[in-house]
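Asker: Before anything else, here's the structure in question.
The values are calculated or read from the model by the stated rules, or taken from the named source; none is laboratory data. Values in this document were obtained by computation on a predicted structure and should not be read as measured data. Cβ atoms come from the backbone with ideal geometry, glycine included; neighbour counts cover every protein chain shown.
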Amino acid sequence: MQLPNGGRIVLIDDTREEAFPLMETFGRYSIPYLYYDGTAGKLPDNPPGGVRFVFLDIELQGMRGQDDKTKASGLTACLKKIISASNGPYVIIFWTKLKQEVIELVIQNCTKAAIPPVSWLDLEKTECIKPDKSYDMQKLSKKLREKLSSIGAFRLYVEWENALHSASKKFICEFSNLVPSGEGWSEGTSALFYKLYKSYVDKNEIQDQAEQFKCACLLMNCSFLDTLQSISATDFQLPDGFRLASGNIDGITLAKLNTSLFLNNSLLSRPATGYVYREENESLQSSLIESLFKKDGSPVEIQLCKIIITPECDLAQNKTLKHRCESKERKMHRIIYGLLFPFSDDLKSYRKKNDAQFEVGAIWHEGQSYALVLHFSTLSFQHEGELSGNPLFALKRDLVFDIQSKAANHVNRLGNFQLG
């Protein structure tokens, strides 16, 4: 049964006896869930986040005898305590005797409240009741499977999140077993995390305990990615009856997808590898425009940028180049410059091409599609103090590594001098 295995299901029913068959079914398939009876005072103070399925009874306590509009308003108020605008995609399964008018009003209200489900299903309780008034568990499980097969591409996200949860379980099991269980397990685990922290910062000691833990987790993340990749190779299964299909993706969506894959807006307070800063240098900007664009073919809006490509481990372990200036030691960063400008489909027609360029784009930045073109001939060093102000955004690790590798290859290229 393709339901989330990481506690992303909410069941709302004011009658426990009627909700119990669903609880039993979830337990049978080891599916965790949150249960609420719909009473306002018992709903969460803040939405739990990441909910994927809401099993919703259409008549909660106090709603019997109310008109459809009033019922729908009460159900929507309940949903707003469960689902936030940042929840992500979810599906409502109306666990009730079907009443189409109320359901349609609930969906309309959710849309107005900016929490629309990507789909909704009905799963009538009465169809799963035996003549002796007990629930037919086999029939309930079968109906659930049938209904879930109709929610389309949403199942791809459920599958991916399930694999992610499986990877985290496997990783913690294997990682925690590095320290033998017993009385000294907690102390040994603490020492293990401290060792991770020390490996990350080397001699660049940090006194703050919270920062030490963050550094340890950054190193753990690298190891977890290997576990996730191994899970991905074996556990990802395309949902039954669903097939991936090609289609048209508009330019804005493509730019936002690239941003999701290659850019990071979660920035630290200090300069870090991959950070992109705006730079004011008219001479350098003019030189890059002349090098990158054909005559009279450059975009109108162009920003000169600089990107930190200092190896991440050098920053973490304080191994960056130092420079003595005015009796003070100043940290130096490896920098490469480029141009940020609005992206257009005819970009290739007015660009000059050579092996010293690296293009990033289209990317979504400040409500617009942009292209970022770097030039390897601008590789240089800059004092950390000159990296002031807030970065525009950050390039993610894989993209930075690609830039670093190609910059190194460009610097080390032999070339040749063939005579024509």
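Asker: Specify the residue that is nearest to the chain's Cα centre (by Cα); the eligible residues are those in region 134-173 that are among the charged types (D, E, K, R) and at pLDDT 85 or above.
Answerer: Applying the filter and picking the extreme gives Glu161.
Yes/no per residue for (1) surrounded by 15 or more Cβ atoms within 10 Å (Cβ to Cβ); (2) in contact with a His (Cβ under 9 Å, 6 or more places away or on another chain); (3) of a type in the set (A, V, I, L, M):
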| site | (1), (2), (3) |
| --- | --- |
| Leu3 | yes, no, yes |
| Ile9 | yes, no, yes |
| Ser30 | no, no, no |
| Gly49 | no, no, no |
| Phe53 | yes, no, no |
| Ala77 | no, no, yes |
| Ser86 | no, no, no |
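Asker: Conditions first: (1) surrounded by fewer than 18 Cβ atoms within 10 Å (Cβ to Cβ); (2) closer than 30 Å to Asp226 by Cα; (3) touching a residue at least 60 places away in the same chain (Cβ under 8 Å). Ser141 passes all but one, so which condition is the exception?
Answerer: (2)
Asker: Could you count how many residues in region 189-235 are touching a helix residue (DSSP H, G or I) at 6+ places or on another chain (Cβ under 8 Å) and outside any helix (DSSP H, G or I)?
Answerer: Going through region 189-235 one residue at a time, the tally reaches 3.
Asker: Take the residues of region 368-392 that are under 21 Å from Phe341 (Cα atoms) and surrounded by fewer than 14 Cβ atoms within 10 Å (Cβ to Cβ): which is modelled with the highest pLDDT?
Answerer: Checked region 368-392; the qualifying residue modelled with the highest pLDDT is Gln368.
Asker: Checking Ala114 against (1) surrounded by 14 or more Cβ atoms within 10 Å (Cβ to Cβ); (2) under 14 Å from Pro89 (Cα atoms), only one condition comes out false. Which one?
Answerer: Ala114 satisfies all of (1) surrounded by 14 or more Cβ atoms within 10 Å (Cβ to Cβ); (2) under 14 Å from Pro89 (Cα atoms) except (1).
Asker: Please identify the pairs in which a residue from region 258-283 that is touching a residue at least 40 places away in the same chain (Cβ under 8 Å) has its Cβ atom under 8 Å from the Cβ atom of a residue that is part of a helix (DSSP H, G or I) and exposed (fewer than 12 other Cβ atoms within 10 Å of the Cβ), counting only partners at least 6 apart or on another chain.
Answerer: Phe262/Asp398
Asker: Can you find a residue that is of a type in the set (Phe, Trp, Tyr), in contact with a Ser or Thr (Cβ under 8 Å, 6 or more places away or on another chain), at pLDDT 90 or above and within 14 Å of Arg278 (Cα to Cα) anywhere in region 327-337?
Answerer: Yes; the residues of region 327-337 include at least one that is of a type in the set (Phe, Trp, Tyr), in contact with a Ser or Thr (Cβ under 8 Å, 6 or more places away or on another chain), at pLDDT 90 or above and within 14 Å of Arg278 (Cα to Cα).
Asker: Related question: Of all residues in region 254-287, count the ones that are surrounded by 11 or more Cβ atoms within 10 Å (Cβ to Cβ), among the hydroxyl-bearing types (Ser, Thr, Tyr) and outside any loop (DSSP other than H, G, I, E, B).
Answerer: Total meeting the criteria: 6.
Asker: I've got another one for you. Within region 176-191, track down each residue that is within 15 Å of Met220 (Cβ to Cβ) and of a type outside the set (Ser, Thr, Tyr).
Answerer: Asn177, Leu178, Val179, Ala191
Asker: Continuing with this model, one more query. Show the residue pairs meeting these rules: Cβ distance below 6 Å; 6+ apart or different chains; first residue within region 208-219 and under 9 Å from Tyr197 (Cβ atoms); second residue hydrophobic (A, V, I, L, M, F, W, C) and at pLDDT 85 or above.
Answerer: Ala216/Phe193; Ala216/Leu196; Leu219/Leu196
Asker: Now for a different question. Could we say that Gly297 is at positive phi and either of a type outside the set (Lys, Arg) or free of Cβ contacts under 8 Å to residues at least 60 places away in the same chain (or both) here?
Answerer: Answer is no for this residue.
Asker: Related question: Based on this model, can you work out whether Leu395 counts as surrounded by 18 or more Cβ atoms within 10 Å (Cβ to Cβ), over 19 Å from Leu292 (Cα atoms) and either in the same structural domain as Glu301 (by TED's automatic domain parsing) or touching a residue at least 12 places away in the same chain (Cβ under 8 Å) (or both)?
Answerer: Criteria met by Leu395.
Asker: Within region 239-269, restricting attention to residues that are touching an Asp or Glu at 6+ places or on another chain (Cβ under 9 Å) and at pLDDT 80 or above, which residue is farthest from Glu146 (Cα to Cα)?
Answerer: Phe262
Asker: Next question. Tyr36 is checked against (1) closer than 15 Å to Asp122 by Cα; (2) modelled with pLDDT of 85 or more and fails just one. What number does that condition carry?
Answerer: For Tyr36, the failing item is (1).
Asker: When region 44-80 is examined, which residues are found to be within 12 Å of Asp14 (Cα to Cα), of a type outside the set (S, T, N, Q) and assigned to a loop (DSSP other than H, G, I, E, B)?
Answerer: Answer for region 44-80, where residues must be within 12 Å of Asp14 (Cα to Cα), of a type outside the set (S, T, N, Q) and assigned to a loop (DSSP other than H, G, I, E, B): Asp57, Ile58, Glu59, Leu60, Gly62, Met63, Arg64.
Asker: Separate question: Can you tell me which residue among Leu374, Leu399 is among the hydrophobic types (A, V, I, L, M, F, W, C) and under 13 Å from Ile335 (Cβ atoms)?
Answerer: Leu374
Asker: Within region 127-180, track down each residue that is over 29 Å from Asp235 (Cα atoms) and among the small types (Gly, Ala, Ser).
Answerer: Passing the criteria: only Ser134.
Asker: Let me ask something else. With the structure loaded, tell me whether Val411 is part of a helix (DSSP H, G or I), on the phi < 0 side of the Ramachandran plot and touching a residue at least 24 places away in the same chain (Cβ under 8 Å) or whether it fails that test.
Answerer: In short, yes.
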